[in-house]
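The values are calculated or read from the model by the stated rules, or taken from the named source; none is laboratory data. Worth saying up front: this structure is predicted, and the values here are computed from it rather than measured. Positions of Cβ are backbone-derived with ideal geometry, glycine not excepted, and every protein chain shown enters the neighbour counts. Side chains are part of the model used for accessible areas, which takes the heavy atoms of the whole protein and leaves out ligands, DNA and RNA. Shrake-Rupley method; radii C 1.70, N 1.55, O 1.52, S 1.80 Å.
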Amino acid sequence: MELSKNFQHNEAEQKWYQHWMDKGYFYSTPDERPAYTIVMPPPNVTGVLHMGHALNNTVQDILIRRAKMQGFNTCWVPGTDHASIATEAKVVNMLKEKGIDKNDLSREEFLKYAWEWKEKYGGIILAQLKKMGCSLDWNRTHFTMDDAYYKAVIDVFVNLYNKGNIYRGVKMINWDPQALTALSDEEVLHKEANSKLTYIQYKIDSETEEYITIATVRPETIMGDTAVCVHPEDERYAHLKGKFCFVPLINRRIPIIFDDYIDKEFGTGALKVTPAHDINDYNLGLKHKLAVVDTLNENGTMSEAAQIYVGHDRFVVRKQIVEDLKASGNFVKQEDYNNQVGVSERTGAVIEPRLSMQWWCDMEKMASPALEAVMNEEIDFYPSKFKNLYRHWMGNIKDWCISRQLWWGQRIPAWYDTEGNIYVAENADKVLEQYLQKNAGGTIADLRQDDDVLDTWFSSWLWPLQVFEWNENRDNKELDYYYPTNTLVTGPDIIFFWVARMVMAGYEFKGKKPFEQVYFTGIIRDKQGRKMSKQLGNSPDLLELIEQHGADTVRFSVMISSPAGNDILYDEAFLEQGRNFCNKMWNAMKLVKMWEGRVSTEVSTDDTFAIDWMQERIKQVELSIEELLKDFRLSEALKNIYSLIWDDFCSWYLEWVKPGFEQPMSAMVYNKTIDIYESLLQLLHPFMPFVTEEIYHLLRKQSDDLMSRQLTAFGTPNAELLSEGTKLQELITAIRDARVKNNLKPKDVIELAVDTKEESFYTSTKNILGRQINAEEISFTNEAVQGSISLVLGVDKLYISSNVAIDTAAQKEQLQKDLDYQKGFLMSVEKKLSNEKFVANAKPEVIESERKKQSDALAKIKTIEESLSLL
RNA sequence: GGGAGCAUAGCUCAGCUGGUUCAGAGCAUCUGCCUUACAAGCAGAGGGUCCGCGGUUCGAACCCGUGUGCUCCCACCA
């Protein structure tokens, strides 16, 4: 078989993903094995794969694939979220491009378009995950608006309503004037804005020409003012008690009220009170029984109630009114002012606080078990710093505004009769039953269903339950087996939106936590630390990256740069490193394949040092990987495997067992080498599934697949063997370094004489050492070899002889450098040991180790000095 | 305004219970090699005020205080 120069990813990826699918490796059904379950955070149904998904899903795939190798029955559930507001916005835009206005459509017509859109684009993101190599159980794919899921959401609503946890009420909400819907507090982002603070004077209603000046960043709302408020102890305004003033331009007469809410220092110490457009003003209004004048329409234009500028946009009016106030003589001044402005997380529109009738979910009761579960570590957060954040939010939780003035989503199962009475039930039939009890002879036509749909998170919070058909059968076998799930992998940005609410739903509806542990990944940023976003155009096209570089390489590049708990600065340079790694492994495989034809059972097989050592190294790394993965330190685990394969296996091991030019290969060594390579591939497989599976099958004919191969117990590594390996590496490096420094060409043959107490070590590694340093003879000696390069390694003295002239000055310098270092080292150790306080206070083992350092250093110094004296 | 986190090589980051096996890794840089797996490679090397200051300690990158700079979260001061 002809092997290509480098690893060809495209073909391998298609082949193996299909093969894994055909073999059914991704599918899970309950059995006697323990389950390891992850539910994927469902991406937006109309979304396309971006770097965040790549990170998130690679992490999950690594956990799943590794758990599978460890004998768990793994189940990773895919699916998509209907993403109410985001999807509706996209559909509205799509229709607009077609020249269709949503307002001209009936609800049914709009939903028909929306479903068409979902069918067309809804599967794209899941298909893209296949390209990444994600081992998802596709038979379990769910969508949060599937019929059964829809019903579960409705049932939960009815259940909570009947328990009294859901109610309808008028409150100040966050209004998105672009999407024309209410939003929850979590859907509002606060952004720093450069605003203007406008000072406006209101004429006092009195005989004299007197004014009171207020400061505001929203002059366009003055038509909604129903009072001016000052601090009761503010002497400047004490004389205005009981007085009134006039709102400029419209001349509404409003009271001057007194409240210690006011900050005397801010602005002029006088506040215009606009209860309809500010939450604080609203509260003030309630306290002082002020009228509410709502001067804005739903879309952010001025309403009839404003009297002037009717129909004009709020931001246009903000500028215009300043001009008009100047003309009327009410304008005082304007200054620059930085403040926080709330914007819609989805549309980016500036939020209007707005008084309106909405549905609310009382969170307090549900929050308490959910808070406790995380605080007492029944649910573990990684990194644990997010516990603080969670506690703070849960401890200050407010009622959740769950109604949205949208069509795409679960429609609220509430009906109203002509008198405004509310009937809540799973469906129209049941509602009618309720209605008929009070209104004999009525029909469903007497009732009108609420137009609103539920917040998308009101469905996603059921995800870990409902993907196992919880609502159809609340104690079904699968739910018992897979739930609670094991690990949730998600971004910290949705800790409140989703994670907290899933925990609440888990306890409220199932009486159990939804997951054992939550791993919060970092946020992906570009090299300069900027968040990746469409606007900045700094987010690479993931599919293109996979196409060009291969899924393994992309996975590698994302994982190698993502320390646990920190943001990821993504640099495409990592792609190069990943690609090189694939090729390194590919070429190692080619080397091994080259030996295949040269295998002979005749070759002596007593030289097993390399094999023994490599096996211990694998054990060692396996142990550290296990520890690292427990703490989700995936990038470090990957670095360990990377180095194990590149450095230990390719750079050392393969060189150590490599037969001489055109020499036969020991059958035993050959087979062990393949065993070893397979172990390495298995360790790496969860991170880079395709290239490892491909090489696994090329190394030798296999009856199984790497993906389904089980990890065997590795055991404790032999420390002595490991340190011998390290010593051999140091020896080789030191001699190579000496060769370079003495201008010995790689082809120049040397002779090595060793003065050591550990002859057995040299005997067992002699063959390897000879090849690695190109020595034709290695012998033992008790005295210096004249005319040689002398080196000191530990307390061993090495003498390198060759027919090339030796530069004694250079070596002398090197030895002197070593000597200085050792002397300095010894001094610091002896200083410590002669310090009475140290000897009195330090732990005995520390003192012991210092003594050892002392004697080692003394021995080394003696050795170096002896060598030096010969030069 | 409240809270959290971070600051170590040119860059990205490890460094766990304080102790020269602690000052590290990868990338980048420099030097020498087209050596028959791999130049997308091999063999070597250089590179640091562990953010500043103070303290605790026999001993501090690590603990405490403080200052500076950055990041994030929460919050109803116009």
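Can you tell me which residue among A:Arg411, A:Arg448, A:Arg404, A:Arg474 is surrounded by 22 or more Cβ atoms within 10 Å (Cβ to Cβ) and among the basic types (Lys, Arg)? I'd like the intermediate steps shown before the answer.
Working: A:Arg411 fails: surrounded by 22 or more Cβ atoms within 10 Å (Cβ to Cβ); A:Arg448 fails: surrounded by 22 or more Cβ atoms within 10 Å (Cβ to Cβ); A:Arg474 fails: surrounded by 22 or more Cβ atoms within 10 Å (Cβ to Cβ).
Exactly one residue qualifies, and that residue is A:Arg404.
What are the pairs with Cβ atoms under 6 angstrom where one residue, in segment A:29-57, is part of a strand (DSSP E or B) and small (Gly, Ala, Ser) and the other, located anywhere, is modelled with pLDDT of 95 or more and open to solvent by 10 Å² or more (accessible area, probe 1.4 Å)? Sequence gap at least six, or different chains.
As it stands, the answer is A:Ala35/A:Tyr481, since those pairs meet every condition given.
Pull up segment A:239-283, narrow it to residues that are in a loop (DSSP other than H, G, I, E, B) and small (Gly, Ala, Ser), then point me to the one that is modelled with the lowest pLDDT.
Quick first cut of segment A:239-283, residues in a loop (DSSP other than H, G, I, E, B) only: A:241-243, A:247-252, A:259-269, A:274-278.
Filter once more, so that each one left must be small (Gly, Ala, Ser): A:242, A:267, A:269, A:276.
Numbers: A:Gly242: 91, A:Gly267: 87, A:Gly269: 91, A:Ala276: 93.
Result: A:Gly267.
Can you tell me which residue in segment A:835-845 is nearest to the chain's Cα centre (by Cα), limited to those that are exposed (fewer than 15 other Cβ atoms within 10 Å of the Cβ) and within 6 Å of RNA strand B (Cβ to nearest atom)?
A:Lys843
Would you mind finding the one in A:Val59, A:Val77, A:Val48, A:Val92 that is among the aliphatic types (A, V, I, L, M), under 23 Å from the mean Cα position of the chain (by Cα) and over 30 Å from A:Glu576 (Cβ atoms)?
Among A:Val59, A:Val77, A:Val48, A:Val92, only A:Val77 is among the aliphatic types (A, V, I, L, M), under 23 Å from the mean Cα position of the chain (by Cα) and over 30 Å from A:Glu576 (Cβ atoms).
Filter segment A:753-765 for residues that are without any contact (Cβ under 8 Å) to a residue 24 or more places away in the chain and open to solvent by 30 Å² or more (accessible area, probe 1.4 Å) and give the result.
Selection gives A:Glu759, A:Ser760, A:Thr763.
Of the residues A:Ile735, A:Ile750, A:Ile778, A:Ile768, which is in contact with a Gly (Cβ under 8 Å, 6 or more places away or on another chain) and crowded, with 18+ Cβ neighbours inside 10 Å?
Among A:Ile735, A:Ile750, A:Ile778, A:Ile768, only A:Ile778 is in contact with a Gly (Cβ under 8 Å, 6 or more places away or on another chain) and crowded, with 18+ Cβ neighbours inside 10 Å.
Return yes when A:Lys196 is in contact with an Asp or Glu (Cβ under 7 Å, 6 or more places away or on another chain), within 30 Å of A:Leu325 (Cβ to Cβ), open to solvent by 20 Å² or more (accessible area, probe 1.4 Å) and in a strand (DSSP E or B) and no when it is not.
Yes; evaluated as a whole, the condition is true for this residue.
Please determine whether any residue of segment A:7-16 is open to solvent by less than 80 Å² (accessible area, probe 1.4 Å) and in contact with a Cys (Cβ under 8 Å, 6 or more places away or on another chain).
Among the residues of segment A:7-16, at least one is open to solvent by less than 80 Å² (accessible area, probe 1.4 Å) and in contact with a Cys (Cβ under 8 Å, 6 or more places away or on another chain), which makes the answer yes.
How many residues does segment A:351-365 contain that are under 15 Å from A:His392 (Cα atoms) and open to solvent by less than 40 Å² (accessible area, probe 1.4 Å)?
1
Anything in segment A:90-118 that is of a type outside the set (Lys, Arg), surrounded by fewer than 12 Cβ atoms within 10 Å (Cβ to Cβ) and either closer than 20 Å to A:Gln405 by Cβ or touching a helix residue (DSSP H, G or I) at 6+ places or on another chain (Cβ under 6 Å) (or both)? List them, or say none.
A:Asn93, A:Asp101, A:Asn103, A:Asp104, A:Ser106, A:Glu108
Is there any pair with a first residue in segment A:615-644 that is closer than 18 Å to A:Lys672 by Cβ and a second that is of a type in the set (Val, Ile, Thr) and assigned to a helix (DSSP H, G or I) whose Cβ atoms are under 9 Å apart and which are 6 or more apart or on different chains, and what are they?
Filtered contacts from segment A:615-644: A:Gln615/A:Ile676; A:Ile618/A:Ile676; A:Val621/A:Ile641; A:Leu644/A:Ile618; A:Leu644/A:Val621.
So which of A:Val621, A:Val669, A:Val599, A:Val657 ends up being under 28 Å from the mean Cα position of the chain (by Cα) and β-branched (Val, Ile, Thr)?
Exactly one residue qualifies, and that residue is A:Val621.
A quick yes/no check of all residues on (1) part of a loop (DSSP other than H, G, I, E, B); (2) farther than 20 Å from A:Leu654 by Cα:
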site	(1), (2)
A:Ser723	no, no
A:Ala738	no, yes
A:Asn743	yes, yes
A:Arg771	no, no
A:Val785	yes, yes
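When the residues of segment A:165-185 are narrowed to those that are assigned to a strand (DSSP E or B) and of a type outside the set (A, V, I, L, M), which ends up most open to solvent (accessible area, probe 1.4 Å)?
Looking at the filtered set, the residue picked out is A:Arg168.
Residues to consider are A:Thr712, A:Thr733; find the one that is farther than 30 Å from A:Ile62 by Cα and among the β-branched types (Val, Ile, Thr). Write out each step before concluding.
Working: A:Thr712 fails: farther than 30 Å from A:Ile62 by Cα.
Of A:Thr712, A:Thr733, the one residue that is farther than 30 Å from A:Ile62 by Cα and among the β-branched types (Val, Ile, Thr) is A:Thr733.
Determine whether A:Lys862 is closer than 29 Å to A:Glu783 by Cβ, more than 8 Å from RNA strand B (Cβ to nearest atom), out of contact with any Leu (no Cβ under 6 Å at 6 or more places or on another chain) and at pLDDT 80 or above.
Considered against the rule, which asks whether it is closer than 29 Å to A:Glu783 by Cβ, more than 8 Å from RNA strand B (Cβ to nearest atom), out of contact with any Leu (no Cβ under 6 Å at 6 or more places or on another chain) and at pLDDT 80 or above, A:Lys862 comes out as yes.
Determine whether A:Glu830 is over 49 Å from the mean Cα position of the chain (by Cα), under 25 Å from A:Glu655 (Cα atoms) and charged (D, E, K, R).
Numbers: over 49 Å from the mean Cα position of the chain (by Cα): yes; under 25 Å from A:Glu655 (Cα atoms): no; charged (D, E, K, R): yes.
Taking the combined requirement at face value, the residue does not satisfy it.
Working only within segment A:336-382, note down all residues that are assigned to a loop (DSSP other than H, G, I, E, B), within 14 Å of RNA strand B (Cβ to nearest atom) and touching a Pro at 6+ places or on another chain (Cβ under 9 Å).
Correct list: A:Ile351 only.
Report, by residue number, each residue of segment A:793-834 that is open to solvent by 30 Å² or more (accessible area, probe 1.4 Å) and β-branched (Val, Ile, Thr).
Residues satisfying the conditions are A:Val795, A:Val804, A:Ile806, A:Thr808.
Among the helices (runs of 4 or more DSSP H) lying completely within segment A:430-538, list those that include at least 3 residues that are within 30 Å of A:Arg391 (Cβ to Cβ).
Result: A:457-460, A:463-466, A:501-505.
Filter segment A:566-593 down to residues that are near RNA strand B (Cβ under 7 Å from one of its atoms) and small (Gly, Ala, Ser) and give me whichever is nearest to A:Ile674 (Cα to Cα).
Looking at residues that are near RNA strand B (Cβ under 7 Å from one of its atoms) and small (Gly, Ala, Ser), I get A:Ala588.
Report yes if some residue within segment A:553-576 is surrounded by fewer than 15 Cβ atoms within 10 Å (Cβ to Cβ), small (Gly, Ala, Ser) and out of contact with any Gly (no Cβ under 8 Å at 6 or more places or on another chain); otherwise report no.
yes
Just to verify a result, which residue in segment A:653-685, among those that are within 15 Å of RNA strand B (Cβ to nearest atom) and of a type in the set (Ser, Thr, Tyr), is farthest from A:Gln729 (Cα to Cα)?
A:Tyr670
I need a count of the residues in segment A:277-295 that are within 40 Å of the chain's Cα centre (by Cα) and either over 22 Å from A:Leu249 (Cα atoms) or open to solvent by less than 50 Å² (accessible area, probe 1.4 Å) (or both).
Going through segment A:277-295 one residue at a time, the tally reaches 6.
If I ask for residues that are open to solvent by less than 50 Å² (accessible area, probe 1.4 Å), in contact (Cβ under 8 Å) with a residue 40 or more places away in the chain and within 13 Å of RNA strand B (Cβ to nearest atom), which ones from segment A:243-274 would you list?
Result: A:Gly267, A:Thr268, A:Ala270, A:Leu271, A:Lys272, A:Val273, A:Thr274.
Restrict the check to segment A:697-707 and report whether at least one residue is open to solvent by 30 Å² or more (accessible area, probe 1.4 Å), free of Cβ contacts under 8 Å to residues at least 40 places away in the same chain, within 20 Å of A:Phe7 (Cβ to Cβ) and within 15 Å of RNA strand B (Cβ to nearest atom).
For segment A:697-707, residues open to solvent by 30 Å² or more (accessible area, probe 1.4 Å), free of Cβ contacts under 8 Å to residues at least 40 places away in the same chain, within 20 Å of A:Phe7 (Cβ to Cβ) and within 15 Å of RNA strand B (Cβ to nearest atom): absent.
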